[in-house]
1. May I ask you to list the residues in the stretch 447-472 that are modelled with pLDDT of 90 or more, surrounded by fewer than 18 Cβ atoms within 10 Å (Cβ to Cβ) and closer than 20 Å to residue 414 by Cα?
2. Could you tell me whether the stretch 266-279 includes any residue that is assigned by TED's automatic domain parsing to the domain that holds residue 349, touching a residue at least 24 places away in the same chain (Cβ under 8 Å) and exposed (fewer than 12 other Cβ atoms within 10 Å of the Cβ)?
3. Can you list the helices (runs of 4 or more DSSP H) found entirely within the stretch 86-200 that contain at least 3 residues being within 18 Å of the chain's Cα centre (by Cα) and surrounded by fewer than 16 Cβ atoms within 10 Å (Cβ to Cβ)?
4. Which members of the stretch 338-348 meet the condition of being surrounded by fewer than 16 Cβ atoms within 10 Å (Cβ to Cβ) and either touching a helix residue (DSSP H, G or I) at 6+ places or on another chain (Cβ under 9 Å) or more than 27 Å from residue 249 (Cβ to Cβ) (or both)?
5. Return yes or no: is residue 258 at pLDDT 95 or above and out of contact with any helix residue (DSSP H, G or I) (no Cβ under 7 Å at 6 or more places or on another chain)?
6. Anything in the stretch 349-401 that is within 30 Å of residue 331 (Cα to Cα) and touching a helix residue (DSSP H, G or I) at 6+ places or on another chain (Cβ under 8 Å)? List them, or say none.
């Protein structure tokens with residue numbers, strides 16, 4: 001909290017002010033945030049959330065240990081400038097595929113948000129996933145919400161220090177393991193494990209393991225909801241993708257108000273006669289919320305659609321023998337117009353959803369088609385700047401080029417070279433080139449033409465490179481210089 005002392009105004013400056021008001025006061029620029037103790041919850045949505053936690057973490061931690069063709073199945077080798085994605089080998093020249101993947105991810109996010117709100121945030125976002133894991137560890141070591149609150153308010157003791165130390169020790173270990181796995185996508189993870197065991201890692205590997213481990217520990221262990229509320233830009237622009245037919249976590253105000261406690265034995269007619277709705281004002285929906293909001297106040301940008309409030313409210317409704325769904329996934333129009341589930345689903349196919357879907361399908365089809373038709377090798381042609389043109393035996397004119405042939409397969413390949421575009425032009429050097437698996441090779445190529453075959457100046461030629469099987473052929477353009 002930062003206090004600001006407001007200076008005392010002079011007699012001439014106080015004209016028009018209430019004479020009984022204080023001439024100075026203290027204002028606070030910031031309000032201290034209370035610590036959120038999220039309560040554990042079980043239910044249908046909670047089980048789905050944990051299913052996705054397991055699925056995402058098995059993929060993240062497990063994929064680097066898979067092997068294909070005697071190499072790591074997924075490896076982004078920045079030093080060798082090769083990216084292995086299972087059976088696919090990509091080069092920096094394939095950056096267009098990364099661009100397409102990012103476009104698909106963005107369109108998918110727009111589509112899912114327009115249809116069903118922040119499902120990504122509530123179920124699959126790394127911040128949500130790791131916060132869920134870290135909170136589980138915290139509950140296992142320190143106890144559930146009420147126990148943690150009492151322990152934090154209690155004076156310092158050996159038992160308190162021991163539990164806190166154990167919790168943070170597990171958190172740090174999980175963060176470091178996460179950092180190690182992250183670096184294992186860029187450095188072969190088995191080699192990295194040997195280096196870690198002997199503490200012989202390079203400075204960049206040390207930096208990224210510790211950096212990513214510290215980020216995981218800090219974000220999931222300490223900042224938690226602060227990341228979602230203040231650091232994540234998605235929460236800020238989500239409203240641009242919402243409309244009145246977007247499926248969101250919603251409190252049915254017409255059914256729940258007014259709130260109030262009542263005996264469990266009261267029938268609907270009895271508590272309704274008292275002016276009460278179905279909400280018993282237990283506050284559990286607030287206690288289970290990881291961002292600490294009250295969903296009964298309406299949609300708020302802090303809501304990540306984790307649906308923990310739905311699970312706990314349904315549990316309370318079951319105990320009170322009331323119908324479920326006081327808090328449920330619905331749409332603003334669905335609540336206002338009292339639409340059935342079928343009517344809500346029929347409103348899904350609206351213009352913005354159709355536009356997002358069409359764009360997503362188009363980009364996905366284009367990317368997949370490009371990958372399927374992608375040539376298994378690439379060629380770059382560079383003129384030798386040391387000798388633009390020269391006359392060799394029998395008066396032949398010769399230009400020298402350097403061809404970079406990149407083998408995108410994981411087997412040795414043989415390639416045939418020839419040149420067209422200029423009468424009498426032929427390759428005077430070796431026309432067969434061998435390239436190792438998933439490697440590139442620079443090859444000097446001499447192209448000769450007969451004397452007087454072309455006028456002085458620059459003439460377009462084309463190199464044709466065909467693999468030994470004759471299944472793929474690439475054409476790369478260049479120029480042949482004839483001196484005056």
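The values are calculated or read from the model by the stated rules, or taken from the named source; none is laboratory data. No experiment lies behind these values; they were computed from the predicted model shown. With ideal geometry, Cβ positions are generated from the backbone for all residues, glycine too; neighbour counts draw on all protein chains shown.
1. If the condition is that a residue be modelled with pLDDT of 90 or more, surrounded by fewer than 18 Cβ atoms within 10 Å (Cβ to Cβ) and closer than 20 Å to residue 414 by Cα, then 462, 464, 466 are the ones that fit.
2. No, the stretch 266-279 contains no residue that is assigned by TED's automatic domain parsing to the domain that holds residue 349, touching a residue at least 24 places away in the same chain (Cβ under 8 Å) and exposed (fewer than 12 other Cβ atoms within 10 Å of the Cβ).
3. Values: elements: 95-116, 119-123, 126-142, 145-153, 158-183, 189-198.
Because the criterion is at least 3 residues that are within 18 Å of the chain's Cα centre (by Cα) and surrounded by fewer than 16 Cβ atoms within 10 Å (Cβ to Cβ), the helices (runs of 4 or more DSSP H) in the stretch 86-200 that meet it are 95-116.
4. Going residue by residue through the stretch 338-348, those that are surrounded by fewer than 16 Cβ atoms within 10 Å (Cβ to Cβ) are 338, 340-343, 345-346, 348.
338, 340, 341, 343, 348, listed by residue number.
5. Numbers: at pLDDT 95 or above: no; out of contact with any helix residue (DSSP H, G or I) (no Cβ under 7 Å at 6 or more places or on another chain): yes.
Judged against the criteria, residue 258 is not a match.
6. 352, 353, 356, 357, 359, 360, 363, 364 - these are the residues of the stretch 349-401 that are within 30 Å of residue 331 (Cα to Cα) and touching a helix residue (DSSP H, G or I) at 6+ places or on another chain (Cβ under 8 Å).
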